[in-house]
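The values are calculated or read from the model by the stated rules, or taken from the named source; none is laboratory data. Predicted model, so just to flag it, every value in this text is computed and none were measured. Cβ placement follows ideal geometry from the backbone for every residue including glycine, while neighbour counts extend to all protein chains displayed. Side chains included, ligands, DNA and RNA excluded: accessible areas come from the protein's heavy atoms. Shrake-Rupley method; radii C 1.70, N 1.55, O 1.52, S 1.80 Å.
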Amino acid sequence: MKMKVLQILLFVILISTCWEMVVVAEYVKYKDPKQPLNVRIKDLLGRMTLAEKIGQMSQIERENATANPGALKTYFIGSVLSGGGSVPSPQASVQTWVNMVNGFQRVALSTRLGIPIIYGIDAVHGHNNVYRATVFPHNVGLGATRDPALVKRIGAATALEVRATGIPYVFAPCVAVCRDPRWGRCYESYSEDPKVVQAMTEIIPGLQGDMPPNSRGTPFVAGKRNVAACAKHYVGDGGTYLGINENNTIISQHGLLSIHMPPYYTAVSKGVSTVMVSYSSWNGVKMHSNHFLITDFLKNTLRFRGFVISDWQGIDRITTPPHANYTYSIVTGILAGIDMIMIPYTYTEFITDLTYLVQKNFIPISRIDDAVHRILRVKFTMGLFENPYADPSLADQLGKQEHRDLAREAVRKSLVLLKNGKSANDPLLPLPKKAKVLVAGSHADNLGYQCGGWTLTWQGQGGNDITAGTTILNGIRSTVDPSTSVVYSENPEPDFVKHNQFSYAIVVVGELPYAETFGDNLTLTIPAPGPSVIHNVCSNVKCVVVLISGRPLVIEPYIGTIDALVAAWLPGTEGQGVADVLFGDYGFSGKLPRTWFKSVNQLPMNFGDPHYDPLFPYGFGLTTEPVKGN
């Protein structure tokens, strides 16, 4: 009997010991949120193989991850992205997005160490890839508001809409200082003035949440209602020769540091999680290969602690032609200090080549460890290990009415009134609501045109069926008195205008959507038939011209014919905000974020230049008061 009791006792002790061993084996520091951040990073990094480290440095396109889901597990991929217009299906619902991102995440978590992926997307003026999302004005319009608090609220709203689709990381904000409007990305810049761009980095705590005190330079994301941000494109992308995209910025070090670098000082101090490198060059040296600016200055001098990411196929473009010597590009880019490589398609080649380069000591393992350490820091800081999946309670945030109201407010505050009446004593604006109104122009009833590039697709597109929103024409119709006749004619003949006895006309014309290099433009003229519409209408009736554009355009030839001129930039989905101000429910308050030239021959021309002779100077903007009982 005693023997049997002893056997049972020994069996219990053995089982207990084994269970304790299993528990001890299962407990790992990096999975314990109570452990200090650096302890978790060090513990996880120490467990990783070279293949797992290189996987963390690789960011692949959603298309590839969908076509070959096993790749995430086979290559331990650390990040997936949606390029412009890359969606799981046309007009995909919130649930479709969530299912896709969660699916990728499940694969990542099934790997040996269970490191979550970070999914990134271009949300540059709202969650602009996603059907029915709120599309805010592009940055040039937000710069006209001079309202950092508004921009912070836009960041917070954007974060909620992005998180609604299960995505935790955005490639925004663009903090370029555009010095030449011929540049196709000028609308992504808040201003030609570095101080305005610096002020607008307040969008970063909007996206990421307010940083705790005394954590300057450390990446920070407050929680599941916030996203990791990305300051881009480092550095000098807004200063290229002739405004040519991806070109050479010819400027002294003092000029670079005083004009193009200040937004990065502020972005880093506000805890931005990531920084994206520019395609452009500085004095002939490609930014993707610039060790001095990426490692010595950004990481060591500014003490940036997040990770540096390449642009789309950015390291390929270190050589001319791109991808001509890929191993050279990989060595140069990673030794320059880039931590995560955006390799949408050729990821197997990248991983194979980088593995070889490390094994043969062309790239030291210390550089790999630094890159992975930074990537893991951001992932831990975001809470991805604790909350890797979408929060279903946020599903109703996409296109939420409060966000649309905020976008409408932003539109109102972004409008810049450049002319109001042919004499100061005879202002045309605000317009009376009881009248016979002609609305003309290609952009009056076109949601896609008023949103511009980076909307649903990379280049943007025309039409009213691309997403949910209000056109400027519909905004006008809902604002005027019920008795008012609103006649819309996109391109009216002069006789039609002359003989219909309109009280006044609203002409809405401007640029067609574009993005990046496709928007580079050496002439900056209003596309046809815009000029003829202005002539046909404004020669025959009092008119206000509302210009939809990502930058100043040639307007001087028409300015004498026009009674009132409004720069409306690229207002996004909430066209009602334009009507709010035209009819005096709110006053005009916007100020030019950039100089309005007389002729393109003056370019580049920025305030403070010796040859400064603008049509409208930087900071110009007439104001009006709201009209009671209009």
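Couple of notes before you dig in:
- The range 239-329: trypsin sites (Lys or Arg not before Pro) in DSSP coil with no more than 10 other Cβ atoms inside 10 Å: none
- Over the range 498-537: Kirkwood hydrodynamic radius from C-alpha pairwise inverse distances, Å: 12.4
- With every protein chain in place, the range 291-350: carbon and sulfur % of accessible area (1.4 Å): 56
- Dipole orientation for the range 319-443: of the candidates Ile368, Thr319, Leu406, Leu406 has the Cα lying most toward the positive pole (charges on Cβ; Lys, Arg +1; Asp, Glu -1).
- Theoretical FRET efficiency, 1/(1+(r/R0)^6), r = Cβ-Cβ of Asp32 and Arg216, R0 22 Å, to 0.05: 0.25
- Heavy-atom accessible surface of the range 461-583, averaged per residue, reaches 34 Å², computed with a 1.4 Å probe.
- Surface composition of the range 435-573: carbon and sulfur atoms hold 50% of the protein heavy-atom accessible area at a 1.4 Å probe.
- Extension gain from Asn68 to Gln253, taking 0.36 nm per residue of separation minus the Cα-Cα distance: 62.1 nm
- Net length gained if the chain between His611 and Asn464 were fully extended (0.36 nm per residue, minus Cα distance): 48.6 nm
- Rounded to the nearest 20 debye, dipole of the chain from Cβ charges on Lys, Arg, Asp, Glu: 1780
- For the range 352-424, the solvent-accessible area of protein heavy atoms averages 41 Å² per residue (probe radius 1.4 Å; ligands and nucleic acids excluded).
- Value of D in µm² per second that Stokes-Einstein yields for the range 19-178, Kirkwood Rh from Cα pairs, at 25 °C (0.890 mPa s): 138
- Annotation: lysines with alpha-carbon distance below 17 angstrom to Lys379 (same-chain offsets under eight excluded): Lys29, Lys31, Lys34, Lys42, Lys53, Lys224.
- Computed with a 1.4 Å probe over protein heavy atoms only, the accessible surface of the range 270-322 comes to 31 Å² per residue.
- Contact order, relative form, for the chain: 16 percent (alpha carbon pairs under 8 Å, 6 or more residues apart, mean separation divided by residue count).
- Report note on the peptides 326-339, 229-242, 57-70: ranked by the mean count of other C-beta atoms within 10 Å, highest first, their order is 229-242, 326-339, 57-70.
- Computed from Cα atoms, the angle from the helix 2-26 axis to the main principal axis of the chain rounds to 30 degrees.
- Considered as an equivalent ellipsoid built on the Cα gyration tensor, the range 67-130 has semi-axes of 23, 12, 10 Å, the largest given first.
- Reciprocal of mean inverse Cα separation for the range 294-447 (Kirkwood radius, Å): 21.3
- Against the criterion of solvent-accessible heavy-atom surface with a 1.4 angstrom probe, Arg153, Arg146, Arg412 sort, most first, into Arg153, Arg146, Arg412.
- P(r) tail fraction, the range 517-600 - alpha-carbon pairs more than 18 Å apart, %: 49
- Site pair Gln501 and Asp396 shows an inter-label distance of 5.2 nm when each label is modelled 7 Å from Cα along Cα→Cβ.
- Over the chain, dividing the summed -39,500 (n - 2.57) contributions of all DSSP H runs of at least 4 residues by the number of residues returns a 222 nm mean residue ellipticity of -9500 deg cm²/dmol.
- Share of carbon and sulfur in the accessible heavy-atom surface of the range 126-228 [1.4 Å probe, %]: 51
- Crossing angle, helix 365-382 versus the chain [Cα axis fit, 0-90 degrees, rounded to tens]: 70
- Legend: Rg and Dmax of the chain, from Cα coordinates, 27.2, 117 Å.
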